[in-house]
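The next block holds one structure in the form of structure tokens; read it before the comments.
The values are calculated or read from the model by the stated rules, or taken from the named source; none is laboratory data. What you see is a predicted model; the values in this text were computed from it and never measured. Cβ: placed from backbone, ideal geometry, glycine included. Neighbour counts: every protein chain shown. Ligands, DNA and RNA are excluded from the accessible area calculation, which covers all protein heavy atoms including side chains. Shrake-Rupley method; radii C 1.70, N 1.55, O 1.52, S 1.80 Å.
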Amino acid sequence: MKKVLSIALVSAMALSGILASTSNTVHAAVNNGDNTVTVEKGDTYKSIAETNGISISALEQANGREVGGFDLIFPGETITLPGATTTTDTTATTNNTNTTADTTTDTSAQATDASQQTQSQATTTQAATDTTSQATTQTTTGTSQGTFKISFYDPSVLGSNMGYSGVAANLSVFPKGTQLKITLADGTVLYRTVNDTGTFANSNSQQLDVAMPSSSIPSYGVTTASVEVLS
């Protein structure tokens with residue numbers, strides 16, 4: 001009888017510990033009311049997506065992150081919510097025929113497609129040529145424009161032949177043809193010419209979407225950079 005009572009007592013204490021732990025790890029990002037939320041300690045892409053009734057993949061795409069990648073966020077960071085809030089099935093979102101070109105990238109399928117691998121190798125070579133050409137013709141300093149949020153995209157994945165020398169921006173801030181020097185937070189310097197706008201950059205005057213081969217896109221996905229106008 002004493003053994004039965006001891007087992008019951010231990011079980012009750014374990015259950016209480018689990019419930020207490022669960023209650024202490026519930027977090028909710030602060031909704032700013034402008035289609036963005038501010039990250040609080042303990043938040044993850046998963047918790048933010050569940051709180052706002054959206055899929056993790058839709059949230060990743062809305063913030064220029066790699067779908068299914070490692071999403072590192074920090075307290076105080078601003079996360080953009082996608083326009084649609086009723087999609088909760090990641091697979092359905094990826095396969096939806098009405099999804100825009102920016103949300104149809106399936107990186108795992110591309111990695112196993114031999115023909116796309118060949119195309120990626122060719123475009124990577126072209127990107128290196130473009131970057132070298134720009135580096136030898138542009139000056140190294142310009143007019144500072146402040147700090148911008150930087151995301152990356154591969155034009156060839158979207159069916160574009162625009163190459164990797166461009167950058168998508170809010171055209172009211174940087175008109176097409178503007179040459180930019182972009183110094184990433186890790187010290188990497190990129191030279192790009194504004195040649196496009198995009199869903200994210202167009203709606204955020206302080207964001208740039210930099211063209212880059214998928215194989216060269218940094219694992220962190222989104223970063224910040226100081227931006228200078230060269231011409």
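Before moving on, here are some points about what is shown:
- Pick from the range 48-65, criterion closer than 17 Å to Tyr153 by Cα and either surrounded by fewer than 20 Cβ atoms within 10 Å (Cβ to Cβ) or among the polar types (S, T, N, Q) (or both), ranking: nearest to the chain's Cα centre (by Cα): Asn63
- Residue among Thr178, Thr147, Thr143, Thr123 that alone is at pLDDT 90 or above, β-branched (Val, Ile, Thr) and surrounded by 18 or more Cβ atoms within 10 Å (Cβ to Cβ): Thr178
- Flag if Ser203 is of a type in the set (Gly, Ala, Ser), open to solvent by 20 Å² or more (accessible area, probe 1.4 Å) and modelled with pLDDT under 90: yes
- Residue that is farthest from Ser144 (Cα to Cα), among those in the range 181-200 that are hydroxyl-bearing (Ser, Thr, Tyr) and at pLDDT below 90: Thr199
- Close pairs (8 angstrom Cβ cut-off, 6 or more residues apart or separate chains): at negative phi and acidic (Asp, Glu) in the range 207-231, surrounded by fewer than 19 Cβ atoms within 10 Å (Cβ to Cβ) and not in a strand (DSSP E or B) anywhere: Glu228/Thr141; Glu228/Gly142
- Selection of first residues in the range 153-164 that are free of Cβ contacts under 8 Å to residues at least 60 places away in the same chain and under 20 Å from Arg65 (Cβ atoms) and of second residues that are hydroxyl-bearing (Ser, Thr, Tyr) and assigned to a loop (DSSP other than H, G, I, E, B), restricted to Cβ pairs under 9 Å at least 6 apart or on distinct chains, gives the following pairs, ordered by first then second residue: Pro155/Tyr164; Ser156/Tyr164; Val157/Thr104; Val157/Thr105; Leu158/Thr104; Leu158/Thr105.
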